[in-house]
Amino acid sequence: MKRYLTLLLTAQLLSATMATAALAQSQNERVQVAVDPRESTDQLEEVLVMGIFDDPSRVTGSAHRIDEETLESFRYSDINRILNFVPGVYAREEDGVGLRPNIGLRGASAERSVKVMLMEDGVPLSPAPYSAPAAYFFPLSNRISGVEVFKGPASIQYGPQTVGGAINLLSAPIPTETQAMLELANGSDGYRHLHARAGSAINEYGLLGEFVHLGSDGFKSLDGGGDTGFEKNELVLKLARELGPGRLEARLSYADEVSNETYLGLTEEDLRASPNRRYRASALDRMEWEWLAARANWQQPLFGGSLQVTAYAQQLDRAWLKFNNFAGANIGDVLANPEGPFSQLFVSILNGSDTDGVSGSPDDIRIGTNDRLIEQSGIQGELRWKFGTTVSHALEVGARLHTDRIRRLHDEFGYEQQAGEIILNDLPRAINADNTGWTRALALWAQDEIELGRWLLVPGLRLEAIDNSFNNRLIPAKQENDYLVALPGFGALFSASEDLDLFLGVHRGFSPALPSLTEDLDPEESLNYELGARWRSPFGNWEATLFYNDYSNLTAVCTVSAGCAPGDLDTQTSAGEVLTQGVEFGWNAEFALNAWLQLPIALSYTYTDAEFGESFSSTNPQYGQVEEGFELPYLPPNRANLTTGFVGSNWDLKLTLTYTDRMRDQAGAGEFAADEGSDESTILDVAASYRFGENWTVTGRIDNATDEVYVVSRRPFGARPGLPRSARLMVRYSY
């Protein structure tokens, strides 16, 4: 199914707006960016039906929705940039284009997004949420019609990861009338993009088709020449039928990626001299994966309420051929100290200047393939009732039976440089990992929204019964574990006035222990508290939230992306007590400059302080030898975003400015050196669009307009840069 450029049918452009404090707009909708005056309130109601929560302003906790109006303003294909709009979210870059996001919420680890519950339309999205949640697959942001982010007690409905919160992506719905869209884009570094969507409803049937192609030649320059770009495709087909009072919807999805991407970074000196350079030793690095998914959803009225049942199945088959190490040196030590007499030889091998390799010598390059097959399937149901008069209730009960599995096979071969080429030598193949992890889980949850006068009280409970096993074929050895956890939560919202809401919440956070050879491995657990207020004033919507996460046991799994040695992969670190606390702030408004010109403004800010409460030693290089009081790695103390611009009757000009504080790449205390951790960065993106008549829209965007050079990560091997200044031009026709 690869390499198709077929124009498919697809659906309506949701023209939902992001509600704001706009004067003369709805004061009850919590949003990120001001409402476009060209949009109608009827269109706003359509997007609310899709989401998990109906009204973010009535959630007893911090909840945010990025709607399609905001997504259309910038037309990002990188989820990291999209999530910059939301306070409390840490989206760490890695490759500069968002191929493999690292998302964290409220201090929860951003590493491969393993501590965030990722969903699409309420269905688990992570490759294997219990056995292998690392998000090596993520949907193309171009086709997403909205993003919901919620934290606090509301997240216990959407486990198993409930510590930081959950993110729900909204796909385009099947339209109620014939609609279609075609978008073409081109840009810097060979960027290209095709997006086609169309759909219709005929009598009791509905149909939608969508296809997205995204590609680039890459912004990095490989020593000696070569491809550093990527190609991605995604296809979605939906079919629905109305059956009496019920509705059945089936969906098939396919996606693939071929990316010439690497984990190998640069020395500090080389990055500052030529930030977009790539060493010759990574010339063979290549990720390939295919993703298949199917689901069926049934909705109908039942017992005076509504029932929704969804069955789903997904499979991700991925293989990453990549530079692993040298035979006689550690690549991390070489890049950290390239001037050492022992390191200079290996640096010359990296850049291809030494081509006199001898098979079996210490300077041999070790290159291997991490091959993984990940599967998940399950069925979940939710039943909702509203009842009561003096005291009204909105009760939801749900259940999910889920199974997921990962099969790992990691090998390694010896290579050497000859005449500037990387050649396979005669060393035998080495197997670094050959194992299978499997989990079966039953989750039950209940939540009741009790409205009593000015109070909205929301008690909730989630139960997780987990049974997992791990089979290591290298040793060989097997281990089975099972456990049951109860995750209570409580939220309260008090309407102090028509314009002021106060809320508080407490819940037990949880992240399951992944299958491993360790017997009775402890999961991650915490007690999470939040206290906040929302004020709808004449000068915009304001929100402030204090959060306090008290971990009794913070966990981390050793991964290649963290820089772990092959023998330590998939082992878990139990870091014990950790305290994470901070504040989230948001403000948004829209001001009418005159009858035809609006000025929207949105500001978000997050401060986070996170420290270990006890000392321990870990083979995970992000931790190492930890002392009580050390700060957590890859967690920015300060993060802020400002989005503003001008909106006219048929055009808009918007800019977004994102500040991210420095992050250390290993647990520690006090100041850390300039050649350690990530760089402080302030990134400016600018976008403008113009509508021609009813059907045509032209959008232009410049990312990193000031061309700031900054290190986003030093894991696993060396410094890697963020995206340099890049331009995009998009033309869209919609019917």
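Taking every protein chain into account, the accessible area of region 261-316 amounts to 40 square angstrom per residue (probe 1.4 Å). Expressed to the nearest 5 percent, the antiparallel share of DSSP beta bridges inside the chain is 95 percent.
With all protein chains in place and a 1.4 Å probe, the accessible surface of the chain carries 57 percent carbon and sulfur.
The amide H of G718, built 1.01 Å from its N in the peptide plane, has G265 as neighbours under 5 Å, considering only residues 5 or more places off or on other chains.
For the chain, the longest principal axis of the C-alpha atoms and the axis of helix 41-50 are separated by about 50°.
Computed from backbone phi, the HN-Hα couplings of region 221-230 come to 10, 7, 3, x, x, x, 8, 10, x, 8 Hz, rounded to whole numbers (Karplus: 6.51 cos²θ - 1.76 cosθ + 1.60, θ = phi - 60°; Gly and Pro given as x).
Region 297-344 and region 500-554 have Cα centres lying 24 Å from one another.
Counting every C-alpha pair in the chain, the share spaced more than 35 angstrom apart comes to 44%. Summarising the amide proton neighbourhood of L302: residues at separation of 5 or more, or on other chains, whose placed amide H is nearer than 5 Å comprise L307. Derived scalar couplings between HN and Hα for region 128-136 equal 8, x, 9, 9, 7, x, 4, 8, 6 Hz in order, rounded to whole Hz, by the Karplus curve 6.51 cos²θ - 1.76 cosθ + 1.60 (θ = phi - 60°), x for Gly and Pro. One decimal place: the segment D227-Y659 gains 152.4 nm when fully extended, by the rule 0.36 nm per residue minus the C-alpha distance. In the context of the full set of protein chains, region 376-494 has a per residue accessible area of 48 Å² (1.4 Å probe). Of the GluC sites (Glu not before Pro) found in region 139-201, those in coil by DSSP whose Cβ has at most 15 other Cβ atoms within 10 Å are E177. No solvent, one uniform scatterer per C-alpha: report log10 I(q)/I(0) for region 66-217 via the Debye equation at q = 0.10 1/Å, two decimals. With one equal scatterer per Cα and no solvent, log10 I(q)/I(0) is -0.39. Accessible area per residue for region 561-638 is 39 Å², calculated with a 1.4 Å probe on protein heavy atoms, without ligands, DNA or RNA. The lysines within cross-link reach of K232, meaning a Cα-to-Cα straight distance under 27 Å and a gap of 8 or more places when in the same chain, are K2, K115, K220, K322.
Applying the Karplus relation 6.51 cos²θ - 1.76 cosθ + 1.60 with θ = phi - 60° to region 602-616 yields 3J(HN,Hα) values of 9, 10, 9, 8, 9, 10, 9, 10, 9, 9, 6, x, 8, 8, 6 Hz, where x marks Gly and Pro. Ranking I702, I66 by solvent-accessible area of protein heavy atoms (1.4 Å probe, all protein chains present), from largest to smallest, gives I702, I66.
The values are calculated or read from the model by the stated rules, or taken from the named source; none is laboratory data. Since the structure is predicted, the reported quantities are computational estimates derived from the model, not experimental observations. Every residue, glycine among them, receives a Cβ derived from its backbone with ideal geometry; neighbour counts consider all protein chains shown. The accessibility values were calculated without ligands, DNA or RNA, using every heavy atom of the protein model including side chains. Shrake-Rupley method; radii C 1.70, N 1.55, O 1.52, S 1.80 Å.
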